[in-house]
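Before any comments, here is the structure.
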Amino acid sequence: EEPEKVPYEQEQEPGKVPYEQEEEPEKAPYEQDEEPEKVPYEQDEDPVPTTAATSTTAASTTAASSTAAPTTAAPTTAAPTTAAPAASRTAREPLPPVEGKMVKKFARHTQCTDEGAVIKTIENIDEHACADECLNDGACNFADFKNALDGVGDCTTLTGCDTTSDIGGHYLLKKIAKQAFNSPQWMMSCKVPLMTTECMTSDLYDRASAAVVALFEQLSTDCDEEDCEVADFAGCLLRMAGHDFMDFKDGAGGSDACTDMGDIDNGGLSECLFEGEFDAKVSLNDAYSQFCDEISLADFIVLAAEAIMAHLAPQSTENAWQVGFKNQFQYGRTTAFEGCDFSIGLLPDPAASCSDVNRVYIQNMGLSKKEAVAISAVHTLGRARMENSGYEGWWSDPDNSKTWNNDYYVSMVGKGWCPKHNAESGKDQWKLCQYKGPAHQMMLDSDLCLVYGNPGGGDLKAKTSDCCAWIHAFDTQIDYRKIMEKTGDEFCGLPDNTRYRTLDGWSGGRNGQLKILDSTNGAAQLQLCCHESEGSVADCSSKLLGGRSNPGNPPPLSEEDVWLFAEDGRAWRQSFLSAWKKATTNGYQVLTNLVDACRS
């Protein structure tokens, strides 16, 4: 039984009536009164270079992909739908196999030299017609296309191809009769895609990026707590890029555009990749199909994610992100197509908290703790949906959910969080439990464990950690006003100039009226930040809680870095770019920086 709560009161200002709570109809948790729309805060811009490097570098420690790199074209049948989520994360209901035949492209300048395998030669046809000749011939398994002029040339169909030679102007095509593994490449509409990018100029990178950004012109920019097309579309594509590189382990996987679209973990990705989202039916395929004969899907997914993040950055930092991404971009990724079953189970499980953050980001991918914290900010854009993952809510408020900034960290240390159980899915997450805030904002165990620990021992988990996650504004180790500058001068939902009374029976405060940041107001601050707590009001442990992190328990992953990134957008950008470079180049020995021109 809680002691009676005393209404909060605000200090009276000239011409204003003191703030008092009056009895009113019961509201749902977190419901907010209407207020003027806030503009997302922007980071300061620092000087950055303006040109991209053009040297060839070794990008990682694993073996390069094979030189005969196959590609695929889209099937003629309708794209399958994503399986419904199950309560168990290990449950997997694959998509039905895609029926039909298709052709994929090997490296340019490759000719088949098996003369005994020749079926026929057709002159003066284009590449797609050459592919059709093989697709429509049951005996054909390969086609050798010699490009003469403007895409028209000679096509030789073959029963097989055991030997090849390098020769200019030739393309080797391979037939795939059936595909049971639902890779993204199979679903895209490109008929004869290039599997390994052979050359990419700075201009091609810019044109492909512009095509991705143009997709957002078809989306509504209106955002509220229920709908935000820009945030949903951006979040989905970043999730695809992340799921692609997070399956890297022991030299296999990484950014190869290979992930099983029938896996329960990939629920919801098909809509933004190829099926189309919202009334406009926008998908990445709309942009990729314009460049699929020049850029591999593996490279295009990385490029698209970079274009999205830079485009949605505040105006003051957009150029810094664009130049940062472009200067370190390297091409030459090969799209893996015919088997990525090894990737099942390698993605991090949010419910495994920082144990899986450590396993995936640090052990498998080779990131530092700071880089693991930095790359986790991809959650800034978009939201989780019950039908896809069993979790529900946005990581940021409506405005910041469509803005590429460091609000992810600001929300973790600038707001109060309590456990919440989702009865529909059986999964647990963290809800915003402060006095006032966005109704549908949430965090996962794998988010809050970066800065908070479980006072009862073990990893921080909403299912077992009976505590409230918040930062003491009166702690002398930190300057909390730097965070309040990012939250509109609010502390857990109330303005800085608010005065209020502490609750009777709560220790650590004085009766009477005190400002939020008064050093003796710990109990009242707890009341504000953990207002909706349904269990105890114990603090989730952190060194930032007055230095009272429980030394006997596993500490948060890196609370100092979360605080640094919340305060300093430049520091976050620097660490994120470093983490992104590692994450998207894992698995390749040699990749190449953008060049000024390609050889003919």
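Observations, loosely collected:
- Pairwise label distance in nanometres, Phe278 with Ala210, each label 7 Å out on the Cα-Cβ vector: 2.2 nm
- Selection from Gln330, Ser401, Ala374 lying farthest towards where the dipole of the stretch 269-419 points positive, charges on Cβ: Ala374
- Sorted from longest to shortest, the spans of the Cα atoms of the stretch 367-457 along the three principal axes equal 36, 35, 29 Å.
- Size of charge dipole - the stretch 208-272 - debye, nearest 20, with Cβ of Lys, Arg +1 and Asp, Glu -1, no other charges: 400 debye
- Amide H contacts of Asn182 (H built 1.01 Å from N, in plane; Pro and chain starts excluded): Met261, Gly262 sit under 5 Å, all sequence-distant by 5 or more or on other chains.
- Selected from Ala252, Leu149, Ala208, residue furthest toward positive end of dipole (the stretch 127-286; charges at beta carbon): Leu149
- A full extension of the chain between Gln290 and Arg481 corresponds to an added length of 63.9 nm, given 0.36 nm per residue minus the alpha carbon distance.
- Highest average first, the peptides 359-371, 395-407 ordered by how many other beta carbon atoms sit within 10 Å of their residues are 395-407, 359-371.
- Listed peptides 580-588, 418-426 by packing density, highest first (mean Cβ within 10 Å): 580-588, 418-426
- In this structure, the amide hydrogen of Asp539, modeled 1.01 Å from its nitrogen in the peptide plane, lies closer than 5 angstrom to those of Cys468, counting only residues at least 5 positions away or on a different chain.
- Per residue, the convex hull spanned by the alpha carbons of the stretch 295-386 comes to 148 Å³.
- A 1.4 Å probe over all protein chains sorts Thr592, Thr335 by accessible area into Thr592, Thr335, starting with the largest.
- Kirkwood Rh and Cα Rg combined as Rg over Rh, evaluated for the stretch 558-597: 1.18
- Once both labels are positioned 7 Å from their Cα atoms along Cα-to-Cβ, the gap between Glu217 and Gln589 label points is 4.4 nm.
- Contour excess over end-to-end distance, with Cα ends at Arg359 and Lys436 and 0.36 nm allotted per residue: 24.2 nm
- With semi-axes defined as the square roots of five times the eigenvalues of the C-alpha gyration tensor, the equivalent ellipsoid of the stretch 317-366 measures 28, 20, 9 Å, largest first.
- When peptides 200-208, 121-129, 236-244 are sorted by average Cβ neighbour count within 10 Å, with the highest value leading, the order is 236-244, 200-208, 121-129.
- Summed side-chain charge close to Gly382 - residues other than Gly382 whose Cβ falls under 9 Å, Lys, Arg +1, Asp, Glu -1: +2
- Difference of contour (0.36 nm per residue) and Cα-Cα distance, Glu226 to Ala523: 103.6 nm
- What the Cα convex hull of the stretch 218-375 gives, in volume per residue, is 149 Å³.
- Cβ-Cβ FRET estimate between Cys199 and Asp250, R0 fixed at 35 Å, reported to 0.05: 0.70
- Neighbourhood charge, 14 Å Cβ-Cβ cut-off, centred on Val357 and excluding it, Lys, Arg +1 and Asp, Glu -1: -4
- With Cα atoms defining each centre, the stretch 152-223 and the stretch 382-441 are spaced 37 Å apart in the structure.
The values are calculated or read from the model by the stated rules, or taken from the named source; none is laboratory data. Computed from a predicted model, the values in this text were never measured in an experiment. So basically every Cβ, Gly included, is an ideal-geometry build from the backbone, and we count neighbours across all protein chains shown. Remember, those area values only see protein heavy atoms, side chains included, never the ligands or the DNA or RNA. Shrake-Rupley method; radii C 1.70, N 1.55, O 1.52, S 1.80 Å.
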